[in-house]
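K.L.:
Just passing along the structure, written as structure tokens.
The values are calculated or read from the model by the stated rules, or taken from the named source; none is laboratory data. Remember, predicted model here, so these are calculated numbers, not experimental data. A quick note on method: Cβ atoms are made from the backbone with ideal geometry, for glycine too, and the neighbour counts reach across all protein chains shown.
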Amino acid sequence: MKKILSNQAVKKFMHNRKAVLGLIIVGFLVLAVILMPIFMKLDPYTTDRAVGFNKAPCPGHLLGTDDVGRDLFARLLYGGRISLFVGIMSTVISVLIGIPLGLIAGYFRGIAETVIMRVADAFMSFPTMVLILVLVAVFGPSILTVTVVIGVLGWTAIAKLIYGNVLSIREREYIQATKAIGMSTPKILLSEVLPNAIPPVWANISFRVAGAILTESSLSFLGMGVQTPQASWGNIIFAAQNLLVLTARPWVWFPPGICIILVVVGFNFIGEGVRDALDPKTK
Amino acid sequence: MIKYVIKRLFYAIPVFLGITFTVYLLINLAPGGPLSILAASGEMSLSDLEALKVSLGLDKPVLVRYFLWLADLLHGNLGTSYRTSQAVSMMIGQRIIPSLLLTGTGIIGAIIIGIPLGVVSACKPNSIWDHISTFVAFIGASVPNFFLSLLLIYVLAVKMKLFPTSGMYSAGSNGDWKDLLYHLALPAFVCGIQPIGNYIKQTKSSVLEVLNEEYIKTARSKGLRNVVIVIKHAFRNSLIPIVTTLSLSVPFLIGGAVVTEQIFAWPGIGSLMITAITSRDYPVIMGVAVLICVVVLVVNLILDLIYAALDPRIKFK
């Protein structure tokens, strides 16, 4: 039964043009940033003394070189690796925090429910960017801090979704039945409640990856995220805060911006596709 | 209702203390305190640094300092900035109007355009308005603010010279409102584009949901005009989720435009926050945190009162 259901959802997903487009965009970008640097033997860290710095695109450097003579095409691809890594890993952290907390709040209710949900509300009503900036400043900007901070602050949406699902699941008859046959609480939670509470979260996970990549790029753009010499799409665009770079060298900041948009659109389309595929009301 | 308001205000106290204490603890635990920058410059002797530390009160334990700060706050004193030696309340006061002007213009614009667009695209699916709405929402959700700002500056300000690239007033102008609007246009547009997408999507989906209700069918079969049905029955009853979405923009009003303010060199709370964070100006960071915290708590309270006004089934408990 479960197998048929999931197959039906997969079928629905694959018939959704937007969802498939999202899958193609994300798949293409992931393959490009992983494979192209290997096959093209690109080096994002070394200064090319023969060519010099601030050069326009040429055959050896498809996007020219930056202010210290590093190849910008290589930095675009390596930056993509880091931006995708931060986006996906921080979402994993959000999920690992959000699912248990939502489960506990929804199943046990009482004090746990009040505390967890009040804290979630407080988190959600605070401007996230300000909080993230304070935290990143406290722990010092790096790939690790950015990933952890975005991940930890992203737990609320996941927790709320799980909480809502668990609230309705715990009242179902089959949960009463498992209690009646004497199943232990951890076992009920893990094998009965959780599997039924998770599916609606899948769509949200895809949206979260998109959001995390946006946040990371904004932070790096402000100089508070991924630090050079490491590249990220945001910190390549950082150079365009200089009006000279903005006006005279659009090849520096335009491609990473387009990459961010593509990857965000891709993950959002996938998320919408998953949501519609799991929703029995849509065809 | 007054009893309810007082009760809610009491509930807000632990939240307020919790948030301010957490922020205070965090910024004070940060490696590289405000003095380390001075120490690294080598211009002050060790004994001078020690004296400065005592005069700023940094020699006391964090917990003691938090309570001293709290006591000052209750007297309406937010302290003085380590960096500029100005009163924090004054520094925030200077920045709050430009900030509200920027984010307020963006959000009000988004409400005025977004909600009608949402209603129309719910009533007339696949019309030109529906397609425009989908496109605007798409841009808002997927183009990062800073990239949109750069594109606008590049195309409209640098290439076409239609707008200034940054700042709030032209050099030499003395607070002329036309000059202000001219500078406000681009950053306010950027601030509005994300909210407008959310408002359109939320309005459309909640109006669509209500349009499928039985009482709408009843209204139709009574022969009511379509405009009356949409405005009086459908829109009125879909307001609760819309108000929730609007409320989520409120914390954004203060300090939400960090990136936009930075790019357009707009003298608001967001850019104040960035300088305060990079120079470890604790009193200013705390001042902004308090401001945001109070605004958020007050708005949540007002929101609950609006909910009750919109839906008589919601009772004050």
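K.L.:
Considering only residues that are of a type in the set (A, V, I, L, M) and surrounded by fewer than 22 Cβ atoms within 10 Å (Cβ to Cβ), look in region A:247-276 and name the one that is farthest from the chain's Cα centre (by Cα).
P.N.:
Out of the qualifying residues, it is A:Ala248.
K.L.:
Is it the case, given these coordinates, that A:Pro186 is more than 14 Å from chain B (Cβ to nearest Cβ), surrounded by fewer than 17 Cβ atoms within 10 Å (Cβ to Cβ), more than 25 Å from A:Leu278 (Cα to Cα) and not small (Gly, Ala, Ser)?
P.N.:
The answer is yes for A:Pro186.
K.L.:
Where the second residue is of a type in the set (Lys, Arg) and the first is surrounded by 11 or more Cβ atoms within 10 Å (Cβ to Cβ) and lies in region B:122-133, which pairs have Cβ atoms under 6 Å and are six or more apart or on separate chains?
P.N.:
B:Ala122/B:Lys204
K.L.:
Select from region A:93-135 the residues that are under 16 Å from A:Val149 (Cβ atoms) and polar (S, T, N, Q) and list them in ascending order.
P.N.:
Correct list: A:Ser94, A:Thr128.
Conditions (1) among the small types (Gly, Ala, Ser); (2) closer than 21 Å to B:Val5 by Cβ; (3) in contact with an Asp or Glu (Cβ under 9 Å, 6 or more places away or on another chain), marked per residue:
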site	(1), (2), (3)
B:Asp281	no, no, no
B:Met286	no, no, no
B:Ala289	yes, no, no
B:Cys293	no, yes, no
B:Val296	no, yes, no
B:Ala309	yes, yes, no
B:Pro312	no, yes, no
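K.L.:
Going by what's in this entry, would A:Ile25 be described as closer than 26 Å to A:Gly151 by Cβ and either surrounded by fewer than 21 Cβ atoms within 10 Å (Cβ to Cβ) or hydroxyl-bearing (Ser, Thr, Tyr) (or both)? Don't jump to the end; show me each part of the working.
P.N.:
Details: closer than 26 Å to A:Gly151 by Cβ: yes; either surrounded by fewer than 21 Cβ atoms within 10 Å (Cβ to Cβ) or hydroxyl-bearing (Ser, Thr, Tyr) (or both): yes.
Considered against the rule, which asks whether it is closer than 26 Å to A:Gly151 by Cβ and either surrounded by fewer than 21 Cβ atoms within 10 Å (Cβ to Cβ) or hydroxyl-bearing (Ser, Thr, Tyr) (or both), A:Ile25 comes out as yes.
K.L.:
Residues that are in contact with a Lys or Arg (Cβ under 7 Å, 6 or more places away or on another chain) and within 14 Å of chain A (Cβ to nearest Cβ), at least 1 per element: which helices (runs of 4 or more DSSP H) completely within region B:225-317 meet that? Steps first, answer last, please.
P.N.:
Details: elements: B:239-248, B:250-253, B:258-263, B:269-278, B:282-310.
Per the criteria, B:269-278, B:282-310.
K.L.:
Still on this structure, I have one more. If we keep just the residues of region B:117-141 that are part of a helix (DSSP H, G or I) and of a type in the set (S, T, N, Q), which is nearest to the other protein chains (Cβ to nearest Cβ)? Working first, answer last.
P.N.:
Initially, region B:117-141 is screened for residues part of a helix (DSSP H, G or I), giving B:117-123, B:128-141.
Now drop any that are not of a type in the set (S, T, N, Q), which leaves B:121, B:133-134.
Values: B:Ser121: 17, B:Ser133: 16, B:Thr134: 11 Å.
Per the criteria, the residue is B:Thr134.
K.L.:
Quickly run through region A:115-152 and pick out the residues that are modelled with pLDDT of 90 or more, closer than 23 Å to B:Asn300 by Cβ and under 18 Å from the mean Cα position of the chain (by Cα).
P.N.:
Matches in region A:115-152: A:Val152 only.
K.L.:
Specify which of the listed residues (B:Pro144, B:Pro195) is within 14 Å of chain A (Cβ to nearest Cβ), within 22 Å of A:Glu216 (Cα to Cα), crowded, with 23+ Cβ neighbours inside 10 Å and touching a residue at least 24 places away in the same chain (Cβ under 8 Å).
P.N.:
Residue meeting the stated conditions: B:Pro195.
K.L.:
Still on this model: I'm checking my understanding of the structure. Among residues of region A:212-236 that are of a type in the set (A, V, I, L, M, F, W, C) and facing chain B (nearest Cβ under 7 Å), which one is nearest to A:Leu135 (Cα to Cα)? Please lay out each step first, then the result.
P.N.:
Here is the first cut: in region A:212-236, the ones of a type in the set (A, V, I, L, M, F, W, C) are A:212-214, A:219, A:221-222, A:224, A:226, A:231, A:233, A:236.
Retained after the next criterion (residues that are facing chain B (nearest Cβ under 7 Å)): A:214, A:221-222.
Numbers: A:Leu214: 17, A:Phe221: 17, A:Leu222: 14 Å.
Applying the filter and picking the extreme gives A:Leu222.
K.L.:
Under 7 Å by Cβ, and 6 or more places apart or on different chains, what pairs join a residue from region A:48-70 that is closer than 16 Å to A:Ala231 by Cβ with one that is among the hydroxyl-bearing types (Ser, Thr, Tyr) and crowded, with 16+ Cβ neighbours inside 10 Å?
P.N.:
From region A:48-70, the pairs are A:Asp48/A:Thr65; A:Phe53/A:Thr65.
K.L.:
Among the residues of region B:169-186, write down those that are of a type in the set (A, V, I, L, M) and surrounded by fewer than 20 Cβ atoms within 10 Å (Cβ to Cβ).
P.N.:
The answer is B:Ala171, B:Leu180, B:Leu181, B:Ala185.
K.L.:
Okay, next question. With respect to the numbered conditions (1) of a type in the set (Gly, Ala, Ser); (2) in a helix (DSSP H, G or I); (3) in contact with a helix residue (DSSP H, G or I) (Cβ under 7 Å, 6 or more places away or on another chain), which one is the sole condition not fulfilled by A:Gly211?
P.N.:
The number of the failed condition is (3).
K.L.:
Next question. Are any of the residues in region A:79-93 outside any helix (DSSP H, G or I) and either surrounded by 23 or more Cβ atoms within 10 Å (Cβ to Cβ) or not basic (Lys, Arg) (or both)?
P.N.:
Looking through region A:79-93, none of the residues is outside any helix (DSSP H, G or I) and either surrounded by 23 or more Cβ atoms within 10 Å (Cβ to Cβ) or not basic (Lys, Arg) (or both).
K.L.:
In addition: Given the condition within 14 Å of chain B (Cβ to nearest Cβ), without any contact (Cβ under 8 Å) to a residue 12 or more places away in the chain and surrounded by fewer than 18 Cβ atoms within 10 Å (Cβ to Cβ), answer yes or no: does some residue in region A:122-143 qualify?
P.N.:
Yes, region A:122-143 has at least one match.
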